Amino acid sequence: MSASYREHALKILPWICARCAREFDGKRLRELTVHHRDGNHDNNPPDGSNWELLCIYCHENEHARFTDAAAGGGVEKHDVAPAKHRPLEGLGELLKKKK
Ligand SMILES: [Zn+2]
Ligand SMILES: [Zn+2]
């Protein structure tokens with residue numbers, strides 16, 4: 001797996017940083033990087049649904065929250081999505097109904 005997903009991403013996504021909305025072309029295109037939404041560099045669906053184009057500055061910011069993030073590639077770390085279910089929700093109601 002080389003950087004080919006980057007070329008693919010640049011083909012189907014607008015050359016604009018998704019964070020700061022700067023536009024890139026020509027030489028500056030090098031500053032536009034592919035961010036993986038789920039943090040998995042091996043997850044490269046051809047429709048681009050896992051990609052986000054970020055300039056190197058915004059991309060760094062995106063990852064700066066994780067001080068222990070491994071430099072030089074590997075699996076990216078991202079926020080864990082908040083749990084959709086709340087196990088304790090409704091417990092109060094259940095207790096009220098109990099007699
Ligand atoms: Zn940016
Ligand atoms: Zn990233």
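The values are calculated or read from the model by the stated rules, or taken from the named source; none is laboratory data. Only a predicted model underlies this, so the values are computations on that prediction, with no experimental measurement involved. So basically every Cβ, Gly included, is an ideal-geometry build from the backbone, and we count neighbours across all protein chains shown. In case anyone asks, the SASA skips ligands and DNA or RNA and just uses the protein heavy atoms, side chains included. Shrake-Rupley method; radii C 1.70, N 1.55, O 1.52, S 1.80 Å.
Just the residues that are open to solvent by 30 Å² or more (accessible area, probe 1.4 Å), within 16 Å of ligand 2 (Cβ to nearest atom) and aliphatic (A, V, I, L, M), please, taken from the range 17-66. Within the range 17-66, Ala18, Ile56, Ala64 meet the criteria. Looking across Glu89, Glu76, one residue alone is of a type in the set (Asp, Glu), in a loop (DSSP other than H, G, I, E, B), modelled with pLDDT under 70 and more than 15 Å from ligand 2 (Cβ to nearest atom). It is Glu89.
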